[in-house]
Amino acid sequence: MGQLYIDGAWTDAAEGGRREIRCPADGRLVAEVSEATAVDTERAIGVARAAFDDGRWSRVPAAERGALLLRVAELLQRDKARLAEAETRDTGKRLVESEIDMDDITNCFRWFGNLAATDDGRLVDTGMPDARSKVVHEPVGVCGLITPWNYPLLQTAWKVAPAVGAGCTFVLKPSELTPHTAIILMELLAEAGLPAGVGNLVLGAGATAGGPLSTDPRVDMVSFTGGLATGRTLMANAAATVKKVALELGGKNPFVCFADADHETAVDNALTAIFLHSGQVCSAGARLVVEESAHDRVVDDLVARAQRIVLGGPDDPATETGPLISAAHRDKVEAYVARGIAEGAVLRCGGERPTDPRLADGFYYPPTILDRCTQDMSVVHEESFGPVLTVETFTDLDDAVRIANDTEYGLAGAVFSADHGVCEEVAGRLRHGTVWINDFGPYVPAAEWGGFGHSGFGRELGRAGLAEYQEAKHIWTNT
Ligand code: NAD
């Protein structure tokens, strides 16, 4: 455990680097793992290139590739407890949340298993009696897959399952903070029968271990989930070798609440939307955009309930939300709140590190609500990625849409109203990749996930999630 996986073998990093992984809930040492450098990643890329070019996976019939993914789904369920435990130790999130993630990951593998197995391309009408035309789907090639720490295995599954289903080979680099479930996934892929060299894993810091994935000419595609700044760097790096790029970046997601919305439904959802996993969710509903006439009722209730949310580690059954991922991340969130207050926001709750000695060794930050915010505040338009809800008000539907869309991002948004026509209109006008009506957060693997604007491009899940890892080839036959 804790090594790189290259060419079907577990191996230490060539230069012998090691990294300590500590649980952000209490600072306890989880494990020491190998720390790759570019040398290891370049070797893994060479292996993935050779494995792609000799066709050991890319030329396997689609039905067999799909069947392998379905076997992985079974293994994920068999090993759900150890996977959830590993995810919880790396992230500090509650075990029950990790268990839900493992079910979602299983469903993701099932979806892509069934989709890949039946993906045969299509015949096209040529309009000519002596010509036949067919469009077939072929794998893109060698993929660099780079994933973040907030939903470590979920984000990994959204890339690995379609890449394998499409017939690609890959080098995976999970976040250096949360490597353990990616390690277990490699074990399960091998157990399910994925040939050596098809899937490779490097562990380590971003630019050092991950750098070659966007620069090496032997990589055909880089698929990245993470922050906007890193996404920009990778896209620029990839330009020199004209790699295909897919980016799933951040979000600054609006939660639009009309005065006629069912109060309990709206408040319940608004709380989960921002405080689940301490706001470390790309689709977190970080901006409450509430109709002015409902402001006091909604915000007073939110503040009262946010103050009662119990912070704690995964071993405490009373815990409702966990720590932030690192000391550096907590500093960043804290700085956003301080700047927001300096810019005129009204602090309604939270805003100070907890003093409870029980939480002293973890990176905790309380649910925080900043009221009377405006669009020009950095805490409103930049992603703090923490448990910080900003509140703005609107006067009518046009105003609500204008505020909701006034972001460089465009990942997700929600609208709450008793008037379904209003909801449909707002949903139609939001420039975001996912819109929830009178709900927040659910998704299904059959529906595409991805962003507008600076939230990135390319889609994960759905049919497009498989197509991302495929080239369409047109074969014309003169009969
Ligand atoms: P990050 O950009 O710091 O890191 C993401 C990954 O990129 C990590 O594995 C990191 O090691 C790697 N990396 C960093 N620099 C690199 C480089 N030069 N070359 C190669 N790899 C490099 O992001 P993070 O802090 O891990 O994750 C949080 C961000 O992820 C947030 O902005 C969040 O919104 C976003 N996110 C988006 C989605 C989505 O679906 N759109 C989902 C989850 C998280």
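Each value in this text was obtained by applying a stated rule to the coordinates, not by laboratory testing. Since the model is a prediction, treat every value here as computed from it, not as a measurement. So basically every Cβ, Gly included, is an ideal-geometry build from the backbone, and we count neighbours across all protein chains shown.
As a calculated quantity, the FRET efficiency between residue 196 and residue 315 at R0 = 41 Å, using C-beta atoms, amounts to about 0.60. Taking θ as phi - 60° and the Karplus parameters 6.51, -1.76 and 1.60, the scalar couplings of the stretch 92-99 work out to x, 7, 5, 4, 4, 5, 5, 5 Hz in sequence order, x denoting glycine and proline.
Under 20 Å from a label point set 7 Å out along the Cα-to-Cβ vector of residue 236, the amide N atoms of the stretch 191-206 belong to 206. Converting phi to 3J(HN,Hα) with the Karplus coefficients 6.51, -1.76 and 1.60 and the offset θ = phi - 60°, the stretch 176-190 yields 5, 7, 9, x, 5, 6, 5, 4, 5, 4, 4, 4, 5, 4, 5 Hz in sequence order, with x at every glycine or proline.
What is the distance, in nm, between label points placed 7 Å from the Cα along the Cα-to-Cβ direction at residue 464 and at residue 28? Reported label-point gap for residue 464 and residue 28 is 4.3 nm.
The distance between label points at residue 478 and residue 419 comes to 6.4 nm (points 7 Å beyond Cα on the Cα→Cβ vector).
Net length available on complete extension from residue 229 to residue 18 is 73.3 nm, with 0.36 nm assigned per residue and the Cα-Cα distance removed. For residue 9 and residue 402, the difference between the fully extended length at 0.36 nm per residue and the C-alpha to C-alpha distance is 136.1 nm.
Amide hydrogen proximity for residue 416: with H placed 1.01 Å from N in the peptide plane, the residues at 5 or more positions away or on another chain lying under 5 Å are 256, 257, 258, 438. Helix 152-166 versus the longest principal axis of the chain: what is the Cα-based angle in degrees, 0 to 90, to the nearest 10? It is inclined by approximately 30 degrees. Expressed to the nearest 5 percent, the antiparallel share of DSSP beta bridges inside the chain is 40 percent. Ordering of 340-351, 314-325 by packing is 314-325, 340-351, highest average first (other Cβ atoms within 10 Å, averaged per residue).
For the residues 278, 455, what sequence is obtained by ranking on other C-beta atoms within 10 Å, fewest first? Numbers along the way, then the final one.
Values: 278 31, 455 28.
The fewest-first ordering by Cβ neighbours comes to 455, 278.
By the beta-carbon count within 10 Å of each Cβ, the least crowded to most crowded order of 130, 103, 90, fewest first, is 130, 103, 90.
The C-alpha atoms of the chain define a longest principal axis, and helix 38-53 lies at about 50 degrees to it.
The modelled label-to-label distance for the pair residue 122/residue 78, using points 7 Å beyond Cα in the direction of Cβ, is 3.8 nm. Neighbour counts of other Cβ atoms within 10 Å put 128, 186 in the fewest-to-most order 128, 186. Each residue of the stretch 120-137 was assigned a 3J(HN,Hα) from its phi angle through the Karplus curve 6.51 cos²θ - 1.76 cosθ + 1.60 (θ = phi - 60°); the sequence is 9, x, 8, 7, 10, 6, 8, x, 10, x, 10, 9, 10, 9, 9, 10, 10, 9 Hz, with glycine and proline shown as x. Between residue 264 and residue 292, the C-beta separation translates, for a Förster distance of 30 Å, into a calculated FRET efficiency of about 0.90.
Pairs of Cα atoms under 8 Å, at least six residues apart: use those to get the relative contact order of the chain, whole percent.
Working: 1131 pairs, mean separation 86.4, N = 479.
18 percent.
At R0 = 30 Å, how high is the FRET efficiency between residue 96 and residue 305 if r is their beta carbon distance? Nearest 0.05 is fine. Present the calculation step by step, with values, prior to reporting the outcome.
Working: r = 20 Å, r/R0 = 0.65.
The calculated FRET efficiency here is 0.95.
Once the Cα-Cα distance is subtracted from the 0.36 nm per residue extended length, the residue 326 to residue 376 segment shows a gain of 15.2 nm.
Annotation: amide H-H contacts under 5 Å for residue 324 (H modelled 1.01 Å from N, sequence separation of 5 or more, or interchain): 363, 364, 365.
Counting only DSSP beta bridges with both residues in the stretch 340-447, tell me the antiparallel percent, nearest 5. Walk me through the numbers before you get to the answer.
Numbers: 3 of 10 bridges.
That works out to approximately 30 percent antiparallel.
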